[in-house]
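The values are calculated or read from the model by the stated rules, or taken from the named source; none is laboratory data. Note that the structure is a prediction, hence the values are computed from the model and not measured. Virtual Cβ from ideal backbone geometry, glycine too; neighbours counted across all protein chains shown. The accessibility values were calculated without ligands, DNA or RNA, using every heavy atom of the protein model including side chains. Shrake-Rupley method; radii C 1.70, N 1.55, O 1.52, S 1.80 Å.
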Amino acid sequence: MNVAVIGAGAAGLATAHELLAAGHRVAVFEQSRQVGGLWAYTDATEDDPLGLRPSRRIHSSLYASMHTNLPRDLMAFDGCPFGDADGAPPTSCRPARMRYPHHARVFDYLQRFAVDAGVARHVRFGHRVKRVDLRRRWRVDGESFDAVAVCNGHFSEPRVPALPGLEQFPGMVLHSHNYRRPDSFAGLRVVVLGSSVSGGDLSREIAEVAAEVHFSGRLFRDAPLPACQTGLLKRCPPVAGFEAASVVLENGERIEAVDAFLFCTGYRYRFPFLDASLIGVGDNWVRGLYRQLVAVDQPTLAFVGLPFRIVPFPLFQRQARWFARLLNRDFPLPSHAERRRAHRREIERLRGKGVAERHYHFLGDGQIDYLNDLARQCGDAPVPDWFIQLWREHNANARLHPTDHRERPLRNRTPLAAAESAVAD
């Protein structure tokens, strides 16, 4: 089949590779001049500090100091280990943090993968897709295809919750999409809102230069706060809103004389090029998908990489392999009615558990079962035991030591560690 892939980030590269390996013809549409997607770091930021204007042009949301939150053993694509792509010495000689590479090493890895996997020559750089629609065949900006894989990522359009009084707040307001370094927070009294990894990372980093940082998030709830060389880092309850320069908390307390407020509140799914009749997005949930992957009504339209709180690169690769084999009819796809029933059952299951709609793409510990279900359906190998064991160890480590888990060693042996130890010996 002739397949269009939208985006040349990690998901797009993995998808193009699996499609090519399955014998399909591929055209990858990439709006920038390089592969890597969000891993292509830039110092540039938006004119709008919250990044809410439709004219946004900055795709990457990385901050300068960012290291991955997952060990590189887990991060790698199957068949393409990180190896020495992070420029570090063998495992036996390196500090534990080297297992969590800096974002520049991940970008180098993706560039190498694009070339080695034969994907780079199929990328059309500088092509921002404007419209995808379906007539008798799929059309991408007027060009015909048999199938489309949407791989445009979901860490570019900031999600900013509506907080009363925000418009009147006189201080600096910023979304983490536009954060690069802590310099502009030096000597300030700062409030950081966010419950994920970036909220914790940036709170710690800003506290090294700020006068005081109040962190409103779950990350440090059951663990000691990290020590800061200069500033003070404090927990605070959920934020209710603003009154002039004060931040009002849900328990009625106030943080007075706040100089800066940083939103680390995540991102939205957005597909401006898709006809509204093809797919809809609810409260940050892409509706109407079978297996969180293909459109129930049009299974030749795939969305690779929507789940979050997962190990991204291997998940992209296995989703892409499933889709490539589906297009080859290597396994029977359930009927339209069965796909609709499966989708409905999944929604009922999530609602029954009280899951908010914006968390319907959350997998977390459920990703192993999800990947193994895809594998059984399409004839792929199950997730290897070493991967599961390392994932569980990493998760436990991160929960017990949220402030410094990257500095702590991981005991589980992996194929990469074994190979590097052999080289060192």
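I need the calculated FRET efficiency for the pair Glu208 and Asp283, taking r as the beta carbon distance and R₀ as 41 Å, to the nearest 0.05. Plugging the Cβ-Cβ distance into 1/(1 + (r/R0)^6) gives 0.70. A simple packing score, the average count of other Cβ atoms within 10 Å per residue, orders the peptides 381-394, 338-351, 108-121, 9-22 as 9-22, 108-121, 381-394, 338-351, with the highest score first.
Put a plus charge on the Cβ of each Lys and Arg, a minus charge on the Cβ of each Asp and Glu, and nothing anywhere else: the dipole of the chain about its Cα centre is then about 1180 debye.
For the peptides 39-47, 249-257, 199-207, the ranking by packing is 199-207, 39-47, 249-257, with the highest mean count of neighbouring Cβ atoms within 10 Å listed first.
Amide H contacts for Asp133 (H built 1.01 Å from N in the peptide plane; partners 5 or more residues away or on another chain; cut-off under 5 Å): Arg139, Asp141. Here the stretch 181-214 and the stretch 337-395 have alpha carbon centers that stand 34 Å from each other.
Give, as a single signed number, the net charge of other residues whose beta carbon lies under 14 Å from the beta carbon of Val140, with Lys and Arg counted +1 and Asp and Glu -1.
Numbers: positive: Arg25, Arg124, Arg128, Lys130, Arg131, Arg135, Arg137, Arg139; negative: Glu30, Asp133, Asp141, Glu143, Asp146, Asp275.
Charge balance in the 14 Å sphere: +2.
Rounded to the nearest whole Hz, the Karplus-based 3J(HN,Hα) values (6.51 cos²θ - 1.76 cosθ + 1.60, θ = phi - 60°) of the stretch 128-144 follow the sequence 7, 5, 9, 8, 10, 9, 10, 10, 6, 10, 6, 10, 10, 6, x, 8, 7, with x at glycine and proline.
The calculated FRET efficiency for the pair Asp141 and Thr42, based on their C-beta separation and a Förster distance of 25 Å, comes to about 0.50.
Contact order for the stretch 117-247, expressed relative to its length and based on alpha carbon pairs under 8 Å spaced 6+ residues apart, stands at 20 percent. Computed over protein heavy atoms with a 1.4 Å probe, the carbon and sulfur contribution to the accessible area of the chain reaches 50%. Phi-derived couplings, Karplus 6.51 cos²θ - 1.76 cosθ + 1.60 at θ = phi - 60°, listed residue by residue for the stretch 366-382: x, 5, 5, 4, 4, 5, 5, 5, 4, 4, 4, 5, 9, x, 8, 6, x Hz, with x used for Gly and Pro. Taking amide H as placed 1.01 Å from N in the peptide plane, Val209 has its amide H under 5 Å from the amide H of Gly231, each at least 5 places away in sequence or on another chain.
The H on the amide N of Arg268, modeled in the peptide plane, is under 5 Å from the matching H of Ser156, Glu157, Arg159, each at least 5 residues off or on a different chain.
Can you pull the percent of Cα pairs in the stretch 1-52 with separation above 14 Å?
For the stretch 1-52, the fraction of Cα-Cα distances above 14 Å is 58 percent.
Taking only the Cα atoms of the chain, the radius of gyration and Dmax are 22.1, 63 Å. Sequence-ordered 3J(HN,Hα) estimates for the stretch 342-352 from the Karplus curve with 6.51, -1.76 and 1.60 and θ = phi - 60° stand at 4, 5, 5, 4, 5, 5, 5, 5, 5, 5, x Hz, glycine and proline given as x.
Each residue, Arg341 and Leu232, gets one label point 7 Å from its Cα in the Cβ direction; the gap between the two is 6.2 nm.
Pair-distance distribution of the stretch 271-409: all C-alpha pairs, bin width 10 Å, starting at 0; shares per bin in whole percent are 10, 37, 35, 14, 4. Once you've got the GNM for the chain with C-alpha springs shorter than 10 Å, pick whichever of Tyr370, Tyr269, Tyr100 has the biggest mean-square fluctuation. Maximum fluctuation in the GNM of the chain, among the listed residues, is at Tyr370.
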